[in-house]
């Protein structure tokens, strides 16, 4: 019988271990408590977090207890990792609001009943620390020379690294120590961009408590070209339906590159690996069937089966299956817009953000209404577009909208 480590490796999650052999032996022999941190700088998690959530879910299914640590305290400082500039400072009220939203989202993926998982907030221990005591207990174990060799700090030194941000590694290391003391947490999981911060926590526990502690990092979600996935023309691909609609979420996965299908099926669904490999091996037009499975499965996990069905139905209505158009994204115009500027109408509906963007779309041949490709900036919104009670506007190759008259 394979261990959870074998499962995580087979599906492509693991990037680095602090102590691989010890970790394997530990996870095979014991049921442990581990944690993953989530930064509450927005009121929703995005698809980059989803990879860590899936890793957490696999661990819980194998019998291990997760702690989802929301960084209500560390968010007051800000993680310099991957940032070129100091991040905007959030108020305590903003952070607390974000914490509540993230807790609700995590509950969709992790079972918090019967002590199977813990939700924690590092504000509970960070916000009331005595600074001198913290420096004496924790700061003494951190070498500035060593910290400056870490990539998260090196890339910021040229532009300027504030002392505020320089403290972040100490605070994250202290989080691990505190979770170890409170809950017996012995392992941290997270994205590979957090490797140096995770090392700090492992080292701190081993120094302070003379106990073993471990860390594993997961791959970052990138495409076959090494670019981060989850970015859209409207920004991040959010897990909140109010920030990224289930339809747009579904369409993102439906339209990924052929070379990325198998990887995403392995990382972002619970489909058995035999089925993942079968779908990933499809070629030509058949790979579209694999993309439909991927889009449906990921949308079902994030938004539920009903919303996944609606998104799939809406997509198929537009792409040839001819089903219910009620699930296609719908926008509204007023009756007095008929016979007037088409560009004004699509700006009004926010199909395009501005008239200038609309003109560029026309110039590039990227705007179609019904069966008519729009080539004239002065085109008008025609009544005949609405012969079925609605007009279908196509923006670019894959963005469709149903336009109705109120």
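Readers should treat all values here as calculations from the given coordinates under stated rules, not as data from a laboratory. What you see is a predicted model; the values in this text were computed from it and never measured. Because the Cβ atoms are built from the backbone with ideal geometry, glycine has one as well, and the counts that use them run over all protein chains shown.
When each of 101, 218 is scored by the number of other beta-carbon atoms lying within 10 Å, the sequence from fewest to most is 101, 218. Within the chain, antiparallel bridges make up roughly 45 percent of the DSSP beta bridges whose residues both belong there.
Multiplying the residue separation of residue 94 and residue 130 by 0.36 nm and removing their Cα-Cα distance gives an extension gain of 10.6 nm. Annotation: peptides 207-217, 270-280, ranked by per-residue average of other Cβ atoms within 10 Å with the highest first, follow the order 207-217, 270-280.
To the nearest 10 degrees, how steep is helix 287-303 against the longest Cα principal axis of the chain, on a 0 to 90 scale? The answer is roughly 60 degrees.
Working from Cα pairs under 8 Å separated by at least six residues, relative contact order for the chain is 14 percent.
For the chain, the longest principal axis of the alpha carbon atoms and the long axis of helix 195-208 meet at an angle near 20°. In the set [x] 23.3; [y] 26.9; [z] 21.4, the label that goes with mean projected area of the Cα convex hull in nm² computed for this structure is [x]. Exposure proxy for 297, 316, 283: other Cβ atoms within 10 Å of each Cβ, ordered fewest to most, give 283, 316, 297.
With both labels modelled 7 Å from their Cα along Cα-to-Cβ, the residue 375 to residue 335 distance reads 3.4 nm. Evaluated at q = 0.16, 0.19, 0.20 Å⁻¹, the base-10 log of the normalised Debye intensity for the range 149-238, with identical point scatterers placed on the Cα atoms, takes the values -0.80, -0.96, -1.00. Among beta bridges from DSSP that stay inside the range 330-405, the antiparallel ones total about 75%.
Counted by neighbouring Cβ atoms within 10 Å, the residues 368, 23, 332 run from fewest to most as 332, 368, 23.
Taking the centroid of alpha carbons for each part, the range 348-406 and the range 10-26 are 51 Å apart. Available extension along the chain between residue 227 and residue 107 is 40.3 nm, counting 0.36 nm per residue and deducting the alpha carbon span. Just so you know, the Cα atoms of the range 330-405 work out to an Rg and Dmax of 10.9, 30 Å. Which FRET efficiency, nearest 0.05, do residue 114 and residue 163 yield, Cβ-Cβ r, R0 56 Å? Taking R0 as 56 Å, the efficiency between residue 114 and residue 163 is 0.80. Its relative contact order, with pairs defined as Cα atoms under 8 Å and 6+ residues apart, puts the range 118-269 at 15 percent.
Helix 92-106 and the longest principal axis of the C-alpha atoms of the chain enclose an angle of approximately 80°.
Beta-bridge orientation, the range 4-218: approximately 15 percent antiparallel, per DSSP, counting only bridges with both partners inside. Estimated from the Cβ-Cβ distance and a Förster radius of 25 angstrom, the FRET efficiency linking residue 259 and residue 309 is about 0.35. Taking label points 7 Å from Cα along the Cα-to-Cβ direction, residue 357 and residue 404 give a separation of 2.4 nm.
Compared with the direct C-alpha span, the chain from residue 149 to residue 137 gains 2.0 nm at full extension, assuming 0.36 nm per residue.
Between the alpha-carbon centres of the range 128-189 and the range 242-310 there is a gap of 38 Å.
Translational diffusion of the range 4-218, estimated by Stokes-Einstein from the Kirkwood radius over alpha carbon pairs at 37 °C in a medium of 0.692 mPa s, is 186 µm² per second. On the basis of the beta-carbon distance and an R0 of 22 Å, residue 7 and residue 193 show a calculated FRET efficiency of 0.45. Using C-alpha pairs below 8 Å separated by at least 6 residues, the relative contact order for the range 4-218 is 29 percent. Adding -39500 (n - 2.57) for every DSSP H run of four residues or longer, then dividing by how many residues the chain holds, sets the calculated 222 nm ellipticity at -12500 deg cm²/dmol.
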